[in-house]
Each structure stands twice: as structure tokens, then as C-alpha cells.
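The values are calculated or read from the model by the stated rules, or taken from the named source; none is laboratory data. None of the values given here were measured: they were computed from a predicted structure. A quick note on method: Cβ atoms are made from the backbone with ideal geometry, for glycine too, and the neighbour counts reach across all protein chains shown. Side chains included, ligands, DNA and RNA excluded: accessible areas come from the protein's heavy atoms. Shrake-Rupley method; radii C 1.70, N 1.55, O 1.52, S 1.80 Å.
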Amino acid sequence: MRLLFIGDVVGKPGRKGLPPTMSALRAEQHPDLAAVNGENAGGGVGITEATAKEILETADVITLGNHTYRHRDVYPLLDSEPRIIRPTNFPAGNPGRGHTITEAAGMRVCVINLSGEMYLRVERNPFNAIDELLDSTAGAADAYVVDFHAELTSEKVAMGWHLDGRAAAVLGTHTHVPTADARVLPGGTAHISDVGMTGSRAGVIGVRREQALRAFRTQMPVRFDTADEDVWLMGVAVDVGDDGLARGIDQILLPVET
Ligand SMILES: [Fe+2]
Ligand SMILES: [Fe+2]
């Protein structure tokens, strides 16, 4: 089973860059499953019903993160659409679900969205929450793919080790900056601290750089708009064997052709 996993789609530039780049990637990589993090798809922060539906024309699964609930109009879709997931360790009664099980290359693949708790708000500790979820879904899935949406590389590296041998892939998101540590851990889990984003490299993690710089320099509130030049698609491709463990992970860093 070949998985494509693409980092946070940021605003309209990210959404517009996604379909052409993904179709080129599909032709080249022949993925069986394509998951895309969409937590910044709607105006750079959060996701709307319309932007979620737009991404679902390109992706099989959308994962989210700390900005999940920014736009209220998406809440009904989070409840009704099994292809969109939000962090499983958010409060249980909140809109949406934390995992989805989908068929890919004859395997039942459980895709899980999990949030770190360092500098982010969650209800449950991610390490305990993922243990409970793997227990409760045992026998229902042949492979597990985890989008670990977290701030700290230490927490992300720790989660890789925590799940090594139990998940096919533990793939970091949230920082929008790709890391150079993609590898298959000894137990067979593909890991990267952060896959990066689908958005503009001309800004500051997706925001226009002059606005971000003004905020840093003046410490005053500044309106943020989405940067739109030099858009790249960033992610990974993971090969998963019939045993539900990874055979390889390749980093994808592709400029969007305009
Ligand atoms: Fe985030
Ligand atoms: Fe993000």
C-alpha cells in the first residue's frame, strides 16, 4: 500500500496549488491512499465546509489540528463526513471524529489525527489517548497512519518511538516547516517530525512576511493575510507492507507550477 501524506494546506494559494501538483504526483507515485492536512485551508486558519469539499476532490482523507473549530460552518460536516478527522484527544463530545478506517490496496487503513499537548490544548495526553485508540480498534484495521499535530520536535520524536512497531507511519504536522529526519524506525514505523505545508515559502509559515515581521518587531496586533508567492507542496510517500509496517519513506518537496 502506497500512502501519500501532504502537509497543512494554507489558504487559497495552497488550495489552488494542491490539485495540479497532486495529479502529477498521482501519475508518478500511484498512491493507494492520499491524506492531506487541511487545518489552514480556510483563509489560512481553520477549514470551512466549502474548502473541505474542495480538498476532498483531491484527497481521500483530511486531517486537522489545533485550528479545527475556527469556522463554525464546518461543524456539521465534521459530524457527517467520515473522510474528515480532527484530533482524537480533543474532548469526546466535540464535533467530529478522531479516526477513520478506509480501504486501500486491499488493506483496512486506520488514519488517526492526534494532537500534541506541549503548547497546544487537548483534553487527554496524546500517548495515553493513542494507546486506548489502538486497543479499541484492534482487529478492525490492518495498518495505522497517525498525523501527529504537535509543536515540539521532542514530543514528535517521542511519539515515533512510542508507536514504533505498532503504526505504519507517524507523521508530524503543524509547524509548516519540513524536517530532515524522515526514516523507518527499527520496529517498522515510518516517521518524520514534520512534513511541512502546502503553501507559500515567501512568507512566515504561510503569513505574508512583512506582516509577520511587523508583529514580531512591534509586538502589536497585526492583521495576517496569506502569503501567495513561491507555493510548494510538501509531504511524504510511505510504502506499507501487508504486515502493516513501513518499507520506506520518501520526502516530497515540490514547487507548484504556476
Ligand atoms: Fe496547527
Ligand atoms: Fe497548520
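Of note:
- Strands (runs of 3 or more DSSP E) enclosed by the stretch 1-97 - at least 3 residues per element that are over 20 Å from I130 (Cβ atoms): 2-6
- Whichever residue in the stretch 130-168 is touching a Gly at 6+ places or on another chain (Cβ under 7 Å) and part of a loop (DSSP other than H, G, I, E, B) and, among such residues, is surrounded by the fewest Cβ atoms within 10 Å (Cβ to Cβ): G165
- Tabulated pairs, the stretch 55-73, first within 16 Å of ligand 1 (Cβ to nearest atom), second open to solvent by 50 Å² or more (accessible area, probe 1.4 Å), C-beta under 7 angstrom, 6+ apart or interchain: I62/R83
- Qualifying position, being surrounded by 18 or more Cβ atoms within 10 Å (Cβ to Cβ), within 16 Å of ligand 2 (Cβ to nearest atom) and within 30 Å of E103 (Cβ to Cβ), among T198, T189, T226, T175: T198
- Scanning the stretch 201-214 for residues that are of a type in the set (G, A, S) and either buried (at least 16 other Cβ atoms within 10 Å of the Cβ) or within 19 Å of E151 (Cα to Cα) (or both) yields G203, G206, A212.
- Failed condition for R124, given (1) within 29 Å of E103 (Cβ to Cβ); (2) out of contact with any Leu (no Cβ under 8 Å at 6 or more places or on another chain); (3) assigned to a loop (DSSP other than H, G, I, E, B); (4) open to solvent by less than 50 Å² (accessible area, probe 1.4 Å): (4)
- Failed item in (1) open to solvent by 40 Å² or more (accessible area, probe 1.4 Å); (2) modelled with pLDDT of 95 or more; (3) not basic (K, R), with T58 passing the rest: (1)
- Hits in the stretch 208-222 - residues which are out of contact with any Lys or Arg (no Cβ under 8 Å at 6 or more places or on another chain), closer than 24 Å to G17 by Cα and of a type outside the set (A, V, I, L, M): R208, R209, E210
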